[in-house]
Amino acid sequence: MSKAVLFRGLGGPEVMRLEDVETGEPGPGEVRIRVDAIGLNRAEVLFRTGDYIEPVRRFPARLGTEAAGVVEAVGEGVTGFRPGDAISTVPAFSQNDYGVYAERAIVPAAAVVRRPEGLDAVEGAAVWMPYVTAYGGLVEVGGMRPGDTVVLNAASSSVGLAAIHVAERIGATPIAVTRTAAKKRALLKEGAAEVIVSESEDVAERVLAATGGRGAEYVFDAVAGPGVRDLAKVVADDGTLILYGALSGEATPYPGFELGMPALNMRTYTLLETTKRPERLRRAAAFVTSGLRSGAFRPVVDRTFELGDIVEAHRYLESNAQIGKIVVTVTH
């Protein structure tokens, strides 16, 4: 028996409970891992509240897709991993099928990557989702090149910070958008070329000024909703507005008609476009590992919590006070 976080109804952080469960043995194509650290993501909040892109199919339900730990057992047909390997999991499966908020978890081997040498468990639970999301959306799908400019909102999130680092490594210029001035200094320190405080500055005016009137080749939007009308104004001719999140919770219009039909590309992107395609995940893992080795990429951990404090950890996640990743540690 081991401890796992379960919830038996939709709701706030308080619906989560740490319960005893039977972990069992991995089936074909699966591995069982000892979980040492868990990376928290907004998707878990949305799943818990019933607002995610897929509903909870049954209760009790599990949570979590990103963790770091050690392989304990491998199922039939699994090659490339063996007990004792230090690994991380990437979000490549449904929380209806697997969950890593636990002391031990079974996950698909296809969602497991080797943890680069020198990366501890907390760091290993903090790098993959942010960097693979940023790489997959901006480089693999978007085709971002040296000399391009990318505008990033929710820039102090773990994905926003990773996108700043990815843009820098590619040779592109990252412009960060943040709601208040509280995180401006931290964003500049992380490498943002410009930081725009949206509650007191005109985003379009600032971006156009920074790009000599050209606009940004990419906007990487975590918020969506009505705000895309303003963001669309900063997209360069034939540029792309990529929607990878929906933090606003509101309907998202297509603003092209309102702006006089410019050459505006607008598409949604989810991490699964990268992690569920083996060749894309292989390229992403190589890119992220290379960046970690060179020092261009690094985990940015805001705060850690113990597994027993998962309710408080989620309350902090929902406060939006963090800069970077929240990680939950597991003591064995």
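Quick look at the numbers
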item	result
Computed E for Asp20/Ser319 - FRET, C-beta separation, R0 25 angstrom, nearest 0.05	0.25
DSSP beta bridges in the chain [antiparallel fraction, %, rounded to 5]	55
Inter-label distance, nm, simple model (7 Å from Cα along the C-beta direction), Glu201/Asn96	4.3
Highest average packing first - 1-11, 144-154, 319-329, Cβ atoms within 10 Å	144-154, 319-329, 1-11
Alpha-carbon spread of the stretch 219-332, three principal axes, descending order, Å	59, 34, 26
Loop GluC sites (Glu not before Pro), the stretch 1-90 (other Cβ atoms within 10 Å of the site Cβ: 13 or fewer; DSSP)	Glu22, Glu76
Kirkwood hydrodynamic radius of the stretch 52-176, Cα pairs, Å	16.2
Translational D in µm²/s for the stretch 130-272 (Stokes-Einstein at 25 °C, 0.890 mPa s, Kirkwood Rh from C-alpha pairs)	168
Among Gly143, Leu243, Thr65 - extreme Cα towards positive end, dipole of the chain, charges at beta-carbon	Gly143
Computed over the stretch 278-332, the ratio Rg/Rh where both radii use C-alpha atoms and Rh is Kirkwood	1.12
Ranked packing of 234-245, 191-202, 47-58, most packed first, by mean Cβ within 10 Å	234-245, 191-202, 47-58
Relative contact order for the stretch 208-332, counting Cα pairs under 8 Å that sit 6 or more residues apart, in percent	17
Check: the chain dipole with +1 on Lys, Arg Cβ and -1 on Asp, Glu Cβ, in debye	360
Amide H contacts under 5 Å for Leu241, placed H, 5+ residues apart	Val219, Asn265, Met266, Arg267
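Only the coordinates and a few stated rules stand behind these numbers; no lab work does. Given the structure is predicted, the values throughout are model-derived calculations rather than measurements. Backbone-built Cβ (ideal geometry, glycine too); neighbour counts: all protein chains shown.
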